1. Do we have LEU129 as out of contact with any helix residue (DSSP H, G or I) (no Cβ under 6 Å at 6 or more places or on another chain) and either farther than 22 Å from GLU143 by Cβ or without any contact (Cβ under 8 Å) to a residue 12 or more places away in the chain (or both) here?
2. Consider the range 98-150. How many of its residues are part of a helix (DSSP H, G or I) and among the hydroxyl-bearing types (Ser, Thr, Tyr)?
3. Output yes when any residue across the range 83-97 is in contact (Cβ under 8 Å) with a residue 12 or more places away in the chain, closer than 14 Å to SER140 by Cα and assigned to a helix (DSSP H, G or I), and no when none is.
4. Which numbered condition trips up ARG71, out of (1) farther than 16 Å from VAL147 by Cα; (2) crowded, with 20+ Cβ neighbours inside 10 Å; (3) at pLDDT 95 or above; (4) of a type in the set (D, E, K, R)?
5. Take the range 1-34 and flag every residue that is more than 17 Å from ARG136 (Cα to Cα) and either part of a helix (DSSP H, G or I) or in contact with a Pro (Cβ under 7 Å, 6 or more places away or on another chain) (or both).
6. I'm checking my understanding of the structure. Among residues of the range 35-66 that are over 20 Å from LYS164 (Cα atoms) and in a strand (DSSP E or B), which one is nearest to the chain's Cα centre (by Cα)?
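The values are calculated or read from the model by the stated rules, or taken from the named source; none is laboratory data. Being a predicted model, the structure only gives us computed values, none of them experimental. Here Cβ is always computed from backbone atoms with ideal geometry, including for glycine, and neighbour counts include all displayed protein chains.
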Amino acid sequence: MKTLTSLEAADWCKSHKIGLDSRGKPVTAGDSLESARFKTPSNASKHLWLCRYMEIALRPWKRCLFWPTERGVWESSENWHLYYRLRQSYDDHRLIEEAPAHLFLDYEKDDLITFLQVGLTMGWDIYLLTQDDYGRIFVSHDERFVVAMRDKSALEKITAELLKSGIEFLPNPTSAMA
């Protein structure tokens, strides 16, 4: 894993033709993507399964960008000691404000899942993006997430699996980020 500044993460997105919105955050709606919204399970015991499934849904990938863009919304849920200890295991001692994005290689999928679970539990907004850009995932602190795929049949398969697992589907508003 390598951590990136916000500017480096934005440059990474641009170099992989991942559009950024007016706030400099990745686009998960439009951009030739079909998207579906789901409710994040309130039961924390389901979070690890969901994080594992999100990683699987983005396969195949060689590099995956984990980019938390909003933190501090649910301060009582944030365990900064855990996050920084996890980050220090990669010999990175910078603050999240200095380098919020994390770039994982395909053999680090378990690390990606762990960071995703921590971020989900802490109530962060998180983007998951891959270098080949088959799909994108946005996790919101508002207890929902968006799965956006280039292939409509892949999105249908993912939707069916999530529904089968008890994840609640949410209708798309006019903006998938709303």
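1. On the way: out of contact with any helix residue (DSSP H, G or I) (no Cβ under 6 Å at 6 or more places or on another chain): yes; either farther than 22 Å from GLU143 by Cβ or without any contact (Cβ under 8 Å) to a residue 12 or more places away in the chain (or both): no.
No.
2. Total meeting the criteria: 3.
3. no
4. (3)
5. Within the range 1-34, the subset more than 17 Å from ARG136 (Cα to Cα) is 1-8, 22-23.
SER6, LEU7, GLU8, listed by residue number.
6. PHE66
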